[in-house]
Amino acid sequence: MIIRSKAPLRLGLAGGGTDVSPYCDEYGGAVLNVTINMYAYCTIEPTNDNKIVFIAPDRNQIFECESKPSIEIDHQLILHKGIYNRIVKDYNNGKPLSFRMTTYSDAPAGSGLGSSSTMVVAIIKAYMEWLNLPLGEYDLAYLAYEIERIDLGLAGGKQDQYAATFGGFNFMEFFGNNRVIVNPLRIKNWIKNEVENSLVLYYTGTSRESAVIIDDQIKNTRSKVEKSLEGMHELKFFAIEMKNALLRGEFEKFAYCLNKGWESKKKMSQAITNPLIDERYEFIMNNGGKAAKVSGAGGGGFMMIICDPRERYSLMEKLKKTGGKVMAAQFTEKGAQAWTLY
């Protein structure tokens, strides 16, 4: 028997950062995102040798130990270990499992596409398939959030786990006591096609440690730093505005909201942009781009660009000459999926 799963990565269109506590607990957060045809993958092969093996070829890491109820968390493959510990404790009566797990992602860590949280969702989804766990979409997303943010203490927000679980275009609202409402958006096909044909992803070639940026953002929120709070209030406003523009097919307003959101995001922390990103942004805007922003926490990773579809090929060719990786992306409808081979 082989169990496989995959979960889609996401683009944070607007409002990213307002899903991070304590901001969302105190003021409420709002995020607009969409999943794309890049994935985190997991394969579980149950074994009878009383061993646990984690293989992550994209990270050049392998971990192996005897089957036991809990694995000590160290610096290596901490997501895999944290998830295993929680699954065994809460869903397998503390009984150890014996298996071989292989995982990889279409995007590098620090890409700004939610790759870490998406991997957590993909791994949990595989366990759900294997152990027949009765978890709904909200349960899966919240469990992923809890393992990553509470059990493992990794800094970050809540949107990525819900995006990977639900899939598609979603407008998400975040409140105190970890209350989340996911509103799937019914975007007309012609609108989706137009946005997809206007979209360019540009990988700056520098991944970043999102936790550093998020810790700075949290500190600014707690200290009530006026500029940072103002930026987050604006981000939330433009997430709502962008959602409305998207539903109506108002593409110029969509691009306007993307640009304004990027300006607002830069107020949250000094680490969100840097000279390279600023330079690339100027280059994009001078070579056919209508709007651009860094996806995710900032500081590096993928830039998301909106342009006139007629200018897209030309812009992509020019960007290739700057040394970064350039690609188009398609939107996906489905969230995390799992299946079994007998």
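The table that follows gives values for the structure above.
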read-out: Filter result for residue 260 (basic (Lys, Arg) and part of a strand (DSSP E or B)); value: no
read-out: Residue match in the range 149-160 (condition: closer than 20 Å to residue 29 by Cβ, more than 15 Å from the chain's Cα centre (by Cα) and among the acidic types (Asp, Glu)); value: no
read-out: Selection within the range 159-205 - of a type in the set (Lys, Arg) and assigned to a helix (DSSP H, G or I); value: 192
read-out: Matching residues, the range 147-174, being open to solvent by 20 Å² or more (accessible area, probe 1.4 Å), under 23 Å from residue 295 (Cα atoms) and not aromatic (Phe, Trp, Tyr); value: 149, 153, 154, 155, 160, 173
read-out: Residue check for residue 97: more than 20 Å from residue 31 (Cβ to Cβ) and either at pLDDT below 95 or touching a helix residue (DSSP H, G or I) at 6+ places or on another chain (Cβ under 7 Å) (or both); value: yes
read-out: Single match in 303, 327 (criterion: modelled with pLDDT under 95, open to solvent by 30 Å² or more (accessible area, probe 1.4 Å) and within 21 Å of residue 195 (Cα to Cα)); value: 327
read-out: Enumeration of residues in the range 1-36 that are over 18 Å from residue 264 (Cβ atoms) and under 13 Å from the mean Cα position of the chain (by Cα); value: 7, 8, 9, 10, 34, 35, 36
read-out: From 243, 253, 290, residue being within 19 Å of residue 11 (Cα to Cα), outside any helix (DSSP H, G or I) and open to solvent by 40 Å² or more (accessible area, probe 1.4 Å); value: 290
read-out: Subset of the range 256-287 [open to solvent by less than 20 Å² (accessible area, probe 1.4 Å) and at pLDDT 95 or above]; value: 257, 258, 284
read-out: Among (1) small (Gly, Ala, Ser); (2) over 20 Å from the mean Cα position of the chain (by Cα); (3) at pLDDT 90 or above, the one test that residue 228 misses; value: (3)
read-out: Residue check, residue 107 modelled with pLDDT under 95, open to solvent by less than 70 Å² (accessible area, probe 1.4 Å) and of a type in the set (A, V, I, L, M, F, W, C); value: yes
read-out: Some residue of the range 55-64 being within 17 Å of residue 8 (Cα to Cα) and open to solvent by less than 30 Å² (accessible area, probe 1.4 Å); value: no
read-out: Near pairs, Cβ below 7 angstrom, 6+ apart or cross-chain, from the range 163-185 (more than 15 Å from residue 20 (Cβ to Cβ) and β-branched (Val, Ile, Thr)) to any residue that is in a strand (DSSP E or B) and open to solvent by 10 Å² or more (accessible area, probe 1.4 Å); value: 181/173
read-out: Some residue of the range 42-54 being buried (at least 16 other Cβ atoms within 10 Å of the Cβ), under 23 Å from the mean Cα position of the chain (by Cα) and of a type in the set (S, T, N, Q); value: yes
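The values are calculated or read from the model by the stated rules, or taken from the named source; none is laboratory data. Computed from a prediction, not measured in an experiment: that's the story for all the values here. Virtual Cβ from ideal backbone geometry, glycine too; neighbours counted across all protein chains shown. Keep in mind that these areas ignore ligands, DNA and RNA; they rest on the heavy atoms of the full protein, side chains included. Shrake-Rupley method; radii C 1.70, N 1.55, O 1.52, S 1.80 Å.
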